[in-house]
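The values are calculated or read from the model by the stated rules, or taken from the named source; none is laboratory data. Remember, it's a predicted structure, so these values are computed and weren't measured experimentally. With ideal geometry, Cβ positions are generated from the backbone for all residues, glycine too; neighbour counts draw on all protein chains shown. Surface accessibility is based on the protein's heavy atoms, side chains included, excluding ligands, DNA and RNA. Shrake-Rupley method; radii C 1.70, N 1.55, O 1.52, S 1.80 Å.
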Amino acid sequence: MQYAITIISLMVQAFFFWHASTKMSCCADRWVLYVLMIPVVGPALYFFMVYLPMELQAKQKIGLQQMAINLIDPKRALREANRAYNATPTPDNAHRLAQVLLRNGDGQGAEALLQGVLTQIGERDPRVLVDLADALRLQGKLSPALSLLDEALAQANLDSKQAELMLARGRVLEEMGRIAPASESYRAAAERMGGEEARCRLAGTLIKLGQNNEAERILAEVQKRLDVAPIHYRSQQAVWIKECKALRKNCRAAA
């Protein structure tokens, strides 16, 4: 029996060694080492953090695979964006680098790049304006951020960006202490976009406004959807799973 288990373990290691060597485009060497040098645990980690997400999310842009890559090499995206921008400082590469900086909380660096993008392209692209507004928000420049978002919302052909803009507008309004209009923006975003962020933020503002029953109803719907959601969706919404639970606790405490 022990011999059979050993043979199976070696076969699993061999398979994941082949998979990591041939299927991964980044961090392959590290995973090969984990698989070969840490019996049982290494292959198990590879299965749950790489192999299974790759099988389930071949068409997903964000998921467990990306989470695993970020866990192993959190600065990878920043290095790649910097490399691309330094090699070819086009508006697209500058915008990409600015978005990475925003995810890292560097509003000042992102603002400088995005202002340069607007100068280069010679127009007020709403895709750039929403990111520039976020850069200003991170620095506490809330009024200019709100003006940029209102400018973007006033432009035509915004169907694909409407929800994102309303979500961003809600965040700025909430940080300004304007809870009622923030709630309205979150509601508009929740009606137009997938994911749970807008719904959770809407519920949070409703709690602040004393509308606990409606907040609890929204959060219960979020929780019900998450409970039956596939693993890749739950991985994408991990932050909002925690936030939903925290908000429901606050909602019940305030009742």
Consider the range 76-90. How many of its residues are in a helix (DSSP H, G or I) and among the polar types (S, T, N, Q)? 2
Single residue of the range 239-253 satisfying the filter (among the hydrophobic types (A, V, I, L, M, F, W, C) and out of contact with any Gly (no Cβ under 8 Å at 6 or more places or on another chain)) that is surrounded by the fewest Cβ atoms within 10 Å (Cβ to Cβ): Ala253
So, in the range 194-218, how many residues would count as being aliphatic (A, V, I, L, M) and open to solvent by 20 Å² or more (accessible area, probe 1.4 Å)? 2
Would you tally the residues in the range 73-95 being free of Cβ contacts under 8 Å to residues at least 12 places away in the same chain and open to solvent by less than 30 Å² (accessible area, probe 1.4 Å)? 0
By residue number, the members of the range 214-233 that are in contact with a Leu (Cβ under 7 Å, 6 or more places away or on another chain) and of a type in the set (Gly, Ala, Ser) are Ala215
It is to be established whether one or more residues within the range 6-15 are modelled with pLDDT of 65 or more and open to solvent by less than 50 Å² (accessible area, probe 1.4 Å). yes
Scan of the range 96-110 for residues that are open to solvent by 30 Å² or more (accessible area, probe 1.4 Å), within 16 Å of Ala168 (Cα to Cα) and outside any loop (DSSP other than H, G, I, E, B), ordered by number: Gln99, Arg103
Is there a residue being open to solvent by less than 50 Å² (accessible area, probe 1.4 Å) and free of Cβ contacts under 8 Å to residues at least 12 places away in the same chain anywhere in the range 178-193? yes
Here are the criteria: (1) part of a helix (DSSP H, G or I); (2) open to solvent by 70 Å² or more (accessible area, probe 1.4 Å). Tell me which single one Glu123 does not satisfy. (1)
